[in-house]
There are 2 protein chains.
Amino acid sequence: MASASTECVLGKKDAAQPPDCIGCPIQPISFCRESDISNLRYRRQQMILNDRETITCARGTPAELLNFVSGLVKLVGTLPDGRTQILGFRGPGDFLIIGEDGKQAISVEAVGTARLCRFSWPRLQQLLQERPQAMAILLGKSQEQLEELQEHLLVLGRKSAREKVASFLVRYGLTRRGVQGQCPPRAQLLLTRAELADYLGLSTETVSRVLTQFAKEGLIALGRAQAIYVLDWEQLGSQTGN
Amino acid sequence: MASASTECVLGKKDAAQPPDCIGCPIQPISFCRESDISNLRYRRQQMILNDRETITCARGTPAELLNFVSGLVKLVGTLPDGRTQILGFRGPGDFLIIGEDGKQAISVEAVGTARLCRFSWPRLQQLLQERPQAMAILLGKSQEQLEELQEHLLVLGRKSAREKVASFLVRYGLTRRGVQGQCPPRAQLLLTRAELADYLGLSTETVSRVLTQFAKEGLIALGRAQAIYVLDWEQLGSQTGN
DNA sequence: CGTGGTTTTGAGCCCGTTCAAGTATCGTGG
DNA sequence: CCACGATACTTGAACGGGCTCAAAACCACG
């Protein structure tokens, strides 16, 4: 593992990123679209998170809003004895609010390289009072996050290993080439078996077994570099339990 | 079971409830505090949900916001084959947004008698644009809901049966009498073993076994009418896995 | 006192885990 | 370009926690 983890202040400030928000790729889909940019500009802190770097929410930290610009991160919940559960993912245009106190045992870990903007949540909240449009966007995205979590709860609580893996693939799997029209893979999600297991509440071995089983049945093809190609969406869909 | 379920329009309109919002018990803690009451008054639909009555989100229904006034409801996710998972609870001052389309396989079921107000979400959203304070409250509560779900995910994904039950009790258990200072039982949560199992992703038998085990160990006492009294918070806390 | 629902308890089984090798893949430096 | 080490993945065997099925005990209520 040799995880490159640091406490809270980490991932150097992003010198490469433009100092202003002009040309920022997530402007059209993020809440900051509606905000007074010249205000935000001096309140945010841009940063880059390299592969496996982690933001852990330490005690006494004030609440923050993380706004993700590019790349992909996973939200990880941890128990004292080291068991972990991936609670979800965040990509460009998504955000995450980390509560104060660090009583949330949640951390943010980059999958590959990720860029993000950090805001002091209390201060941002004040600003938002005068930007209902921006707040409305946040509320809408919160709602999406809630729905995603609710669905995931159902998966974790009630589905078998086969169903769990199938559900994941239908949401995030790649097609052999091009479109196939199905559920746009949010970010070409390339996870290790261990991460997959961690997301689905399984062991890596079980994930591996189910995947090879699916491959034998011709539903998917296993490529190199964690790529998983879905060959038969319909058949796979019938295995999700939905 | 003989579940009293109906489609969407159900639970008669509440004649007993006062037509205006004056004296409403949740005013101080709900978003409607900040809203233009005379506007809301004519846009909401009050209703009572009797024990086990259900609101299911049918196809083609427009999005709604349910604001819970009194009593307790559970949010239930269902798979086509009938497996269910309780996704959470809502009590006075809580709300729930049900998306359009009914593509969310989520339903709301009363545990005992519950009162609530229904709003058309699109219309309410418009109103909220002029009430940033109210929107801020919604956003804050959304955040709480998210944190609750994230914690629950960790429980479902990674904890053993013993740990699951212990975690639940520490959150929601009663004390033998009076205060004991601990986590205020949100609503004297009195659930059947089946509901408990449904919340924790277990079978009723397993829940029962773990509970009697805890009772034998002197950590809890089992009362009548589903009451579970926690005798030793500390010991129980050490069994939660946290 | 009977009836229907809930809870408890028991026995056996199965899915997914754990433990342990073995294999493939990737990155790095010679 | 290849050899090497590290990491990721696969596969097998055995165990065990929680489920299923079944029956008995308990309880609330008419």
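The values are calculated or read from the model by the stated rules, or taken from the named source; none is laboratory data. Keep in mind that this is a model prediction, so the values were computed, not measured. Neighbour counts run over all protein chains shown; Cβ positions are idealised from the backbone, glycine included.
Taking the condition touching a residue at least 40 places away in the same chain (Cβ under 8 Å), within 12 Å of chain A (Cβ to nearest Cβ) and farther than 30 Å from residue B:213 by Cα, does residue B:68 pass?
The answer is no for residue B:68.
In region A:151-242, which helices (runs of 4 or more DSSP H) lie fully inside it and hold 1 or more residues that are modelled with pLDDT under 95 and touching a Lys or Arg at 6+ places or on another chain (Cβ under 9 Å)?
Correct list: A:161-172.
Scan region A:132-159 for residues that are within 17 Å of residue B:65 (Cα to Cα), charged (D, E, K, R) and at the interface with chain B (Cβ under 7 Å from one of its Cβ atoms) and jot them down.
The one that is within 17 Å of residue B:65 (Cα to Cα), charged (D, E, K, R) and at the interface with chain B (Cβ under 7 Å from one of its Cβ atoms): A:147.
Check off (1) at the interface with chain B (Cβ under 7 Å from one of its Cβ atoms); (2) buried (at least 19 other Cβ atoms within 10 Å of the Cβ); (3) within 17 Å of residue B:136 (Cα to Cα) for residue A:129 and give me the number that stays unchecked.
It fails just one condition, (2).
Can you pull out the residues in region A:105-120 that are surrounded by fewer than 19 Cβ atoms within 10 Å (Cβ to Cβ) and either within 14 Å of chain B (Cβ to nearest Cβ) or in a helix (DSSP H, G or I) (or both)?
A:105
Conditions tested, residue by residue: (1) more than 8 Å from DNA strand D (Cβ to nearest atom); (2) within 14 Å of another protein chain (Cβ to nearest Cβ); (3) closer than 26 Å to residue A:114 by Cα.
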{"site": "A:191", "(1), (2), (3)": "no, no, yes"}
{"site": "A:195", "(1), (2), (3)": "no, yes, yes"}
{"site": "A:203", "(1), (2), (3)": "yes, yes, no"}
{"site": "A:221", "(1), (2), (3)": "yes, no, no"}
{"site": "A:228", "(1), (2), (3)": "yes, no, yes"}
{"site": "A:232", "(1), (2), (3)": "yes, no, no"}
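I need the full set of residues from region B:124-158 which are charged (D, E, K, R) and over 30 Å from residue A:161 (Cβ atoms), in order please.
Within region B:124-158, B:130, B:131, B:141, B:144 qualify.
Considering every residue within region B:201-208, establish whether at least one is near DNA strand C (Cβ under 9 Å from one of its atoms) and surrounded by 21 or more Cβ atoms within 10 Å (Cβ to Cβ).
Yes, some residue in region B:201-208 is near DNA strand C (Cβ under 9 Å from one of its atoms) and surrounded by 21 or more Cβ atoms within 10 Å (Cβ to Cβ).
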